[in-house]
Amino acid sequence: MGHSLPAKAARLMTKILVDGVEVDVPPELTLLQACEAAGAEIPRFCYHERLSIAGNCRMCLIEVKVGGKSGPKPVASCAQQVKDLPPPRDNLLNELVTKSATVEKARKGVMEFLLINHPLDCPICDQGGECDLQDQSVAYGRGGSRFDENKRAVEEKFMGPLVKTVMTRCIQCTRCVRFATEVAGVPELGATGRGEDMEITTYLEASLSSELSANVIDLCPVGALTSKPYAFNARPWELSKTETIDVMDALGSNIRVDARGDAVLRVLPRVNEEINEEWISDKTRYAEDGLSRQRLDRPFIREDGKLRAASWNEALAAAAKALSGDPKKIGAVAGDLACAESMKAALDLFRALGSPNTDCRADGAQIGGGARQEYLFNSTIAGLDEADAILLIGTNPRLEAPVLNARIRKAWLRGAEIGVIGEAADLTYKYAHIGAGPQSLAKLGAFGDTLKRAQRPMVIVGAGALARPDGAVVLRAAGKIAAGLSKEGWNAFNVLHSAASRVAGLDLGFLPGQGGKSASEMLKGGLDTLLLLGVDEVALPRVGTVIYIGTHGDAGAHRADIILPGAAYTEKDATWVNTEGRVQYGRRATFPKGDAKEDWTILRALSGVMGKTLPYDSLAALRQKMIADHPSFGQVDYAPGAADSANFDAGKIGADGELSADPFRTPIADFYLTNPIARASRTMAECSRLRAGAHKVAAE
């Protein structure tokens, strides 16, 4: 017997039964979501909560009872919403049945059809142990098959260097097609043929061009799309799994690092609705082989123009001697991958030595030194879901933060209007191109009216707009636009950084002290000794002594006179602050290579040699000091958003001056080769080569 219908149902919720349990659910939910809200588990292959409904695998069949009677046949629960149910009859609530004999029989029939053509590849399939088809066949599979004909075979498809295809395993769920079209915005996947001849393929057998393409591997419920670089490397149960934070851009995507022994074998996304949802960029996923190549695993000292291996005591003594001169003639610059702990230790050491020459803005960005809101993504990343008008200034988010770009695309699909001042690049969505350079900030035209009408407008300033001589003037011009759009509970001013270390450095005050030199000035020369925390992306001075703390034999190590090998982001417990000011803790997955040490411990040891011992001996003590000196580091996993913006006037940041006529340029020349880890990766090198070839063909 069903439960009787209440006299007055709630207006915003619908009361239904799921396997006899009464639940209130929003009418917009699908029947599948309603069942899961009640605790019932529904198998599925084609349905995914972030993709459009396809309704083509039929694994999610359930019974729908109206007035206590079942319909003529089971219903695909993913393709029907609660509001589509007929009105209750005979004073009985509608009921969804997920565990009846009819449902069980229907699902077993669907599973049998799916397995008719599926090859018996489980022993050699990389999806083994993580396969939805395997899991569901345990519950709904038959012991044998009634199908005697030959299984179909499908030719392999080329999808580039990242995605390995075994399309004979494909069950045509079309998740990959929908992801490429809807989320990535690069509709390069599709289906050809009909019925048994249907095949998923790329158009013209070309490599996928999206920076998010490898997410189709996570989406594929069978082994049709797997990771090409990871193929036949390991089984999931052999790997140690560490939850940590990505540093390939400033977004702070949540990731899981899977390692075996001292080798990182793969990087996977973790779900975080406020940052990366469940996507990561191809660089985040596949630069991991760069962690084991071209590594600095022992200290080096340059003698007679050549580097030679040295002991730690020798290298630290040489570094201490180089830094013991005039405090005004020594300086420190932090690179894009420096963690908060290493910057705090370097800052404390140089202030103890009496040097004001410290800077975390290796690219010369004209930002920082004022209120925290001046350099944060104040509307928050999740705030993009509310935005109805977005102005991009000097940024190409597709290259600088691909996951954020997918979120902007989602806002555009929802109806948000987008304007761009900068390069007219393919961003995967339509936008109004207002102009190429900062002169356009003064005349937004029709898009200015769009911003004023918007309820939740956003102004996003990129690193390319700030790392130029007139960066501070651009900052003020953008701030004035945002100041007129902000309202209570909504700060429209946002900065999209491209360096993972930048916000933490600005929070720490890793900036020039009284009378100190900026990074641009220090990198031009004029100092006796320069300490680099992984600075590889800019031109380095030819004169003076250079001490390099880093992980790879990249540009900084080639120029260095003293090399102190540090730990990569997967090899240390470290604090990272993303572009919206969210403090997150990265965790160690493997140990540093060879004799390399964690960066802050190198600086702590160096301070001891110099007689300026830093006041912390452990990571916990360092973090305690960091939080005491800079309270924002105590607000873990918190994005301030507009909460702290009551007295912030975006129109007063930056500086007045003359705007240059030079067009904006993105700081990223090659998406796949932006840092030492990526440049050491064979996979990233292959992606870069293919992308360059594709651009050459397109140009011709």
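Count of the range 485-501 residues, restricted to those that are among the polar types (S, T, N, Q) and open to solvent by 20 Å² or more (accessible area, probe 1.4 Å), is 2.
From the set of residues in the range 61-112 that are assigned to a helix (DSSP H, G or I) and without any contact (Cβ under 8 Å) to a residue 24 or more places away in the chain, which is surrounded by the most Cβ atoms within 10 Å (Cβ to Cβ)? Going through the qualifying residues, I end up with 109. So is residue 225 farther than 30 Å from residue 575 by Cβ and modelled with pLDDT under 95 or not? No; evaluated as a whole, the condition is false for this residue. Taking first residues from the range 213-239 that are touching a residue at least 60 places away in the same chain (Cβ under 8 Å) and crowded, with 19+ Cβ neighbours inside 10 Å and partners that are among the polar types (S, T, N, Q) and part of a loop (DSSP other than H, G, I, E, B), the Cβ contacts under 8 Å between residues at least 6 apart in sequence or on separate chains come to 220/127; 222/127; 223/127; 226/127. Which of the residues belonging to the range 321-339 are among the small types (Gly, Ala, Ser) and under 24 Å from residue 505 (Cβ atoms)? Hits for the range 321-339 are 322, 331, 332, 334, 335, 338. Filtered by the rule that a residue be assigned to a loop (DSSP other than H, G, I, E, B), within 17 Å of residue 666 (Cβ to Cβ) and open to solvent by 30 Å² or more (accessible area, probe 1.4 Å), the range 426-466 gives 426, 431, 436.
For the range 595-613, a residue qualifies if it is open to solvent by less than 10 Å² (accessible area, probe 1.4 Å), hydrophobic (A, V, I, L, M, F, W, C) and either out of contact with any Gly (no Cβ under 7 Å at 6 or more places or on another chain) or at pLDDT below 95 (or both), and the qualifying residues are 603, 606.
Looking at the range 573-594 only, could you name the residues that are open to solvent by less than 10 Å² (accessible area, probe 1.4 Å) and farther than 11 Å from residue 636 by Cα? Those that are open to solvent by less than 10 Å² (accessible area, probe 1.4 Å) and farther than 11 Å from residue 636 by Cα: 574, 578, 579, 580, 586, 590. Among helices (runs of 4 or more DSSP H) entirely within the range 121-225, having at least 1 residues that are farther than 25 Å from residue 401 by Cβ singles out 132-140. Annotation: residue 630 fulfils all but one of (1) farther than 24 Å from residue 340 by Cβ; (2) at pLDDT 95 or above; the unmet one is (1). If the condition is being more than 17 Å from the chain's Cα centre (by Cα) and either within 16 Å of residue 387 (Cα to Cα) or buried (at least 21 other Cβ atoms within 10 Å of the Cβ) (or both), then the range 405-425 contributes 411, 412, 413, 414, 415, 416, 417, 418, 419, 420, 421, 422. Among the residues of the range 34-48, those that are under 17 Å from residue 216 (Cβ atoms) and buried (at least 23 other Cβ atoms within 10 Å of the Cβ) comprise 45, 46, 47.
Picking from residues in the range 240-262 that are assigned to a loop (DSSP other than H, G, I, E, B) and more than 25 Å from residue 381 (Cβ to Cβ), the one that is least open to solvent (accessible area, probe 1.4 Å) is 261. Of the set (1) of a type in the set (Phe, Trp, Tyr); (2) touching a Leu at 6+ places or on another chain (Cβ under 9 Å); (3) open to solvent by 40 Å² or more (accessible area, probe 1.4 Å), all apply to residue 638 but (2). Tell me, which strands (runs of 3 or more DSSP E) wholly within the range 484-568 include 1 or more residues that are farther than 21 Å from residue 400 by Cβ and touching a residue at least 12 places away in the same chain (Cβ under 8 Å)? It comes to 529-533, 545-550, 562-565.
The values are calculated or read from the model by the stated rules, or taken from the named source; none is laboratory data. All of these numbers come straight from a predicted model, not from anything done at the bench. No Cβ is skipped: glycine too gets one built from the backbone with ideal geometry, and neighbour counts run over all protein chains shown. Keep in mind that these areas ignore ligands, DNA and RNA; they rest on the heavy atoms of the full protein, side chains included. Shrake-Rupley method; radii C 1.70, N 1.55, O 1.52, S 1.80 Å.
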